[in-house]
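Here the structure is laid out as structure tokens; the discussion comes afterwards.
The values are calculated or read from the model by the stated rules, or taken from the named source; none is laboratory data. This is a predicted model, so every value here is computed, not measured. Cβ: placed from backbone, ideal geometry, glycine included. Neighbour counts: every protein chain shown. Each accessible area value is taken on the protein alone, full model and side chains, heavy atoms only, with ligands, DNA and RNA left out. Shrake-Rupley method; radii C 1.70, N 1.55, O 1.52, S 1.80 Å.
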Amino acid sequence: MTHSEYSFPNLTEADVGRLAQEIAFLIQAGDTLALEGDLGAGKSTFARALIRSVAGDPKLEIPSPTFTLVQAYETPRFDIAHFDLYRLSDPSELDELGLDAALSRGVAIVEWPSRGDGRIPAERLTLRFDEAAAFDRRNIGIAASAGLASRLDRFVSIRKFLKRAGWGDAWTAFSYLQGDASPRRYARLVKPDGTRAILMDSPQRPDGPPIRDGKPYSAIAHLAESVKAFVAIDRTLEAAGIAVPRILAEDLGDGLLLIEDFGDAVFGAEVGKGRSQDELWTRGVDTLVAIQRVPPPARIPLSDGSLFELPVADHGVLEIETELLLDWYWPALRGEPAPKSARDEFNALWTPVFDRVLAGPKTWLLRDYHSPNLIALDERSTPRDVGVIDFQDAMIGPAAYDLVSLLQDARIDVPERLEKQMFDRYVSAVTARNPKFDQTEFAFSYAALGAQRNTKILGIFARLAMRDGKRQYLAHLPRIWGYLERDLLHDDLAPLKAWYDANLPRNQRAEALNI
């Protein structure tokens, strides 16, 4: 049963190509796109544009599957199988062509779906192509079955938002940006004159099931529930002289933003190209010092008249994050849940550590201040020579958290030499500003929060591999363990170190997880 249907009339070939790029942003692995229409109606033109958009290659060769019946493509997002059933002699041949296998790996685009005789999944997007009155125009209707209706409705909301913002032109290129572990989605828009912007699609986060004290995980961990968090923090940091993306258009109710595009000089990618890591991390530390000069406000006004309250880091968030190790990493390693005795001892050992770090001075805690979210802006002067993104989950909390996020980066090796050098640079800068700065206590907070963060990341990466099938994150685990072992060498963390050594001994940390 179709639950959502929209019409896109009188489209030029450029309009069809842009529509394909937008649909490419909408789809995800497991989706079926059924393309209906007569010969020459534009189905293959649409399919080629969509495949090239998903692949990120506008020149990719897309041969017609008319004679082969299916053509397969590997892309960074998912595999695509392009079926043309026009010459299918018997619907049972679909079984041999591997439609089910294709959907298990990615997306299936099916031309002439009616020839599949009911073998095409009922859960699908159906696109109907018809000639318009003008010979070079097409009418396209898109219908979604029940399970896809909300995504199609979201797609239409995005199109309306971009049109209002002046970015709905068919000649504006629209390309999906590969994200990280976030539920948010991003696309790059480029106009013919080279003007660029980023679309952020961040719908209201639904509450999960209550897991503790009647609260869901997101509430306990103080995760942003709407785009309002990004807007509030962005405008506050921008006013303080930090390079955060300018907001070009916003729809707070729908969770849509159009923001400044800082480009592709992401710290991690730049180091991969041979750029000096010392230089980039120096800039990152100096920008962090500048951010922490600005006192974080408890409440921030928004354009809709509401107030955003900046969360304060507490026991709840630190505890539930460290428990991800027990919830996901332990069973992935051992094949069984962590016993209650190990869990109780783990939490008891962490409690006084959390007491101590939370008792210290507090400032901005951006939470993910690391290489994927820092962009080199070489044409700008310090501290605006580093573009900072992805800070919607920020809190008010201990200053050491963001420093250790940068100096113990989860996705790129930070040599111990560079970590020490940058730690000393930060301490010198803060001490010059505040002669009463307690270096000894800060060193403890750095090690403790590094241990907390790396413990959390071990759990998150195990969860991404186990629950979401994103096994690529497992490659980072040896690095995370290296950082964690370094943190646990602090004398005041000796009891915690003993727990890790007894329950997750070093000779088992390199073992493959049971995923």
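Taking Lys and Arg as +1 and Asp and Glu as -1, the other residues whose beta-carbon sits under 13 Å from that of Gly56 total +1. Looking at region 1-102, the GluC sites (Glu not before Pro) that sit in a DSSP loop and have at most 12 other Cβ atoms within 10 Å of their own Cβ are Glu61, Glu74.
The ratio of the alpha-carbon radius of gyration of region 238-278 to the globular-protein estimate 2.2 N^0.38 Å is 1.63.
Counting protein heavy atoms only, region 290-354 has 57 percent of its accessible area on carbon and sulfur, 1.4 angstrom probe. Does region 32-155 come out rounded, prolate or oblate by the C-alpha gyration tensor, with a ≥ b ≥ c the root eigenvalues, rounded set by a/c under 1.5 and, if not, prolate when a/b is larger than b/c and oblate if not? Rounded, because the longest to shortest axis ratio a/c is under 1.5. Listed values for region 85-98 are Karplus-derived 3J(HN,Hα) couplings in whole Hz (6.51 cos²θ - 1.76 cosθ + 1.60, θ = phi - 60°), namely 9, 4, 9, 5, 7, 8, x, 5, 5, 4, 4, 6, 6, x, and x replaces Gly and Pro. Amide hydrogen proximity for Arg137: with H placed 1.01 Å from N in the peptide plane, the residues at 5 or more positions away or on another chain lying under 5 Å are Ala132. Entry note, region 142-283: relative contact order of 17 percent, from Cα contacts under 8 Å with a spacing of 6+ residues. In the chain, the longest principal axis of the Cα atoms and the axis of helix 416-433 are about 70 degrees apart. Helix 13-26 and the longest principal axis of the Cα set of the chain meet at an angle near 40°.
Computed from backbone phi with θ = phi - 60° and the Karplus coefficients 6.51, -1.76 and 1.60, the 3J(HN,Hα) list for region 354-361 is 5, 3, 6, 5, 6, 7, x, x Hz; x is used for glycine and proline. Going by the alpha-carbon gyration tensor, a ≥ b ≥ c the square roots of its eigenvalues, is region 257-368 rounded (a/c under 1.5) or, if a/c is not under 1.5, prolate (a/b greater than b/c) versus oblate? Here region 257-368 falls in the oblate category. Within the shell defined by Cβ-Cβ distances under 10 Å, the residues around Leu223 carry a net charge of 0, with Lys and Arg each +1 and Asp and Glu each -1. If you wrap the Cα atoms of region 408-515 in a convex hull and average its projected area over all directions, you get 7.7 nm².
Only protein atoms count toward the accessible area here, which uses a 1.4 Å probe; on region 1-144, the carbon and sulfur part of that area reaches 47 percent. Using only the alpha-carbon atoms, how far is helix 149-164 inclined from the longest principal axis of the chain? Give it as 0 to 90 degrees, nearest 10. With both axes taken from Cα atoms, the answer is about 80 degrees. Given the alternatives [x] 51; [y] 21; [z] 33, percent of Cα pairs over 39 Å apart as computed for this entry is given by [z].
Say the cut-off is 26 Å between C-alpha atoms; which of Lys228/Lys362; Lys215/Lys456; Lys43/Lys470 go over it? Pairs exceeding 26 Å: Lys43/Lys470. Relative contact order, whole percent, for region 337-443 stands at 24, derived from Cα pairs under 8 Å and 6 or more residues apart.
In percent, rounded to a whole number, the relative contact order of the chain is 12, using alpha-carbon pairs under 8 Å and six or more apart. Judged by the mean number of other Cβ atoms found within 10 Å, the most tightly packed of the peptides 117-128, 257-268, 453-464, 374-385 leads the ranking 453-464, 257-268, 117-128, 374-385. Per-residue 3J(HN,Hα) values for region 374-379, derived from phi via the Karplus relation 6.51 cos²θ - 1.76 cosθ + 1.60 with θ = phi - 60°, read 10, 10, 6, 10, 5, 7 Hz in sequence order (x marks Gly and Pro).
Annotation: the antiparallel percentage among DSSP beta bridges lying fully within the chain is about 75.
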